[in-house]
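Report on the following structure.
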Amino acid sequence: MRKKLKRFQDNTESRNVIEPGKDIFENIKGKWNEFFANEFPITLELACGRGEYTVGLARNISDRNFIGVDIKGARIWKGSSIAKAEKLDHVAFLRTQIDHIEKFFEKGEVDEIWITFPDPQPRESDEKRRLTHPAFLDRYKNILRKAGTIHLKTDSKSLFDYTMEVLSSRDDVKDLIHTYDLYHSEWLDDHYDIQTRYELKFLKQGFKINYLRFQLY
């Protein structure tokens, strides 16, 4: 408990953590490029956990801003601490529920979204909580630029199949690519060898990693 409280205090003092209780939390919408002091495009990692993709992508791409989004402050602390230690000034973390995402970004303010190993919410009663449910896709479309890109990376074949069905039913999805085995596909290099702790765990257990990418118009 003491360690968690220390992490919460660190978040309070960290400029790269946008969370309730800070004035900027209520006023950041439409001002992210002002916050970063540049005009780089913005990439989000949703349900980022420890922010492995947020930080990993930032290490490889210097002319883009990266924002990890998660409700768990103790998880965000990890990515925030690494970003500060490595002086990755184009990295930030937003503490909020994903279904509130439109409160923090203007229409067209986001260029790209990564959804990495989300909770698959396997029960039918929890379908609306899946981060690729149509209601969530509509939220993403409202903050993405036209033709903005969305990535999904998951070990869950059920979630992957569900997402493919959802995408096939929409008329605003373009340039969809997908694979049920990322590590034996032509798109592996696009991931910069970034692996989350969940991904490493699943690979050791023999699971294949499913990946898809598409654009919303």
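A compact table of results
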read-out: Members of the range 116-141 that are in contact (Cβ under 8 Å) with a residue 60 or more places away in the chain and part of a loop (DSSP other than H, G, I, E, B); value: F117, P118, D119, L131
read-out: Filtered residues of the range 170-192 (kept if in contact with a helix residue (DSSP H, G or I) (Cβ under 8 Å, 6 or more places away or on another chain) and either within 19 Å of P118 (Cβ to Cβ) or not in a helix (DSSP H, G or I) (or both)); value: R170, D172, V173, L176, H178, Y180, L182, H191, Y192
read-out: Residue among R123, R129, R145, R139 that is touching a Gly at 6+ places or on another chain (Cβ under 6 Å) and among the charged types (D, E, K, R); value: R145
read-out: Criterion: under 18 Å from I150 (Cα atoms), crowded, with 21+ Cβ neighbours inside 10 Å and acidic (D, E) - qualifying residue of D99, D70; value: D70
read-out: All positions within the range 153-192 that are touching a residue at least 12 places away in the same chain (Cβ under 8 Å) and farther than 24 Å from Y217 by Cα; value: D155, S156, K157, S158, Y180, D181, L182, Y183, S185, Y192
read-out: Qualifying positions in the range 173-203 - of a type in the set (K, R) and at pLDDT 95 or above; value: K174
read-out: Wholly within the range 1-115, strands (runs of 3 or more DSSP E) carrying at least 1 residues that are in contact (Cβ under 8 Å) with a residue 60 or more places away in the chain and farther than 27 Å from L159 by Cα; value: 91-95
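The values are calculated or read from the model by the stated rules, or taken from the named source; none is laboratory data. What you see is a predicted model, and the numbers here were worked out from it, not measured in a lab. Note that each Cβ is placed from the backbone with ideal geometry, even for glycine, and that neighbours are counted across all protein chains shown.
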